[in-house]
Amino acid sequence: MKCYIFLAEGFEDSEAVNSIDVLRRAKETVTIVSITGNRLVTSSHGIVVQAETLFEDCDFSDGDMLILPGGMPGTLNLKAYAPLIELIMDYNRHGKFIAAICAAPSIFGEIGLLKGKRATCFPGFEDKLIGATYTASSAELDGNVITGRSAGNAMLFGLKLVEALRGKQFADDLAKQIVMP
């Protein structure tokens, strides 16, 4: 399966890196995409990460999953990037997986993609999950939508991404391999 993870200035480091790590351990193809026009993107904690490509250079038609790390102001920067919002809505329309963690699930709620879904997010953003049933779980998978709570739940979110793509047993086996508590 082919996954794309999007970096904006101010993204949450651990949410991006843990998602990439867990998916690559599962042998999934993950492309790190910058929406900034520059391949070097600075996280919310000042760590500079080099994306593999720029948004404008990608053809996302072959993808299976889009992933949004949270963080501030990363989430606001993702939300403000109209081409990404259009892509998310297109993936959702076609039943492809869309995933977000921390503050980023608020983007899905604000564009109407959480109606009737179970979802989680960083505490304080619950009111942005418009139409969702908020669960406070570490990670939620409901149909084609995956949401995660916070940086502290990033590994569990990564495993939920794997579960969506490969099934629960595969994700459980991977959790054992990485010695999840």
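Counting other beta carbons within 10 Å of each residue's own, what order do Ser150, Ser137, Ser19 fall into, fewest first?
By the 10 Å Cβ count, ascending: Ser137, Ser150, Ser19.
Using only helices, what value at 222 nm comes out for the chain when you add -39,500 (n - 2.57) per DSSP H run of length 4 or more and divide by the total residues, to the nearest 500 deg cm²/dmol?
That calculation yields -9500 deg cm²/dmol at 222 nm.
Can you put Ser138, Ser106 in order of Cβ neighbours within 10 angstrom, beginning with the fewest?
Going from sparsest to densest Cβ surroundings: Ser138, Ser106.
When you have a sec, figure out the Kirkwood radius of the stretch 8-82 from all distinct Cα pair distances and drop it here in Å to one decimal?
Kirkwood hydrodynamic radius for the stretch 8-82: 12.6 Å.
What lysines could a cross-link reach from Lys115, if we take a straight Cα to Cα line under 27 Å and drop same-chain neighbours fewer than 8 places away?
Hits, sequence-local ones excluded: Lys2, Lys79, Lys96, Lys128, Lys160, Lys168.
Past the 15 angstrom mark, what percentage of all C-alpha to C-alpha distances in the stretch 67-110 do you count?
Of the Cα pairs, 34 percent sit more than 15 Å apart.
Using Cα pairs under 8 angstrom and six or more residues apart, how large is the relative contact order of the stretch 58-148, in percent?
26 percent.
Name the most mobile residue of Ala151, Ala82, Ala16, meaning the one with the largest mean-square fluctuation, in a Gaussian network model of the chain with Cα contacts below 10 Å.
Ala82
Would you mind ranking Tyr134, Tyr4 by Cβ crowding within 10 Å, fewest neighbours first?
Tyr134, Tyr4
Take every Cα-Cα pair in the chain and report what % of them are more than 27 Å apart.
Result: 16 percent of Cα pairs exceed 27 Å.
Determine the equivalent ellipsoid of the stretch 38-111 by diagonalising the alpha-carbon gyration tensor, then write out the semi-axes as square roots of 5 times the eigenvalues, largest first, rounded to whole Å.
Equivalent ellipsoid of the stretch 38-111: 20, 16, 10 Å, largest first.
Output the Kirkwood hydrodynamic radius of the stretch 87-171, Cα pairs only, in Å rounded to one decimal.
This gives a value of 12.4 Å.
Can you list residues whose amide H is under 5 Å from Cys102's amide H, if they're 5+ apart or on another chain and H is modeled 1.01 Å from N?
Distant-sequence amide H within range of Cys102: Phe122, Gly148, Arg149, Ser150.
Laboratory data are not the source of any read-out in this text; all were calculated from the coordinates shown. These numbers come from a predicted model, not from an experiment. Because the Cβ atoms are built from the backbone with ideal geometry, glycine has one as well, and the counts that use them run over all protein chains shown.
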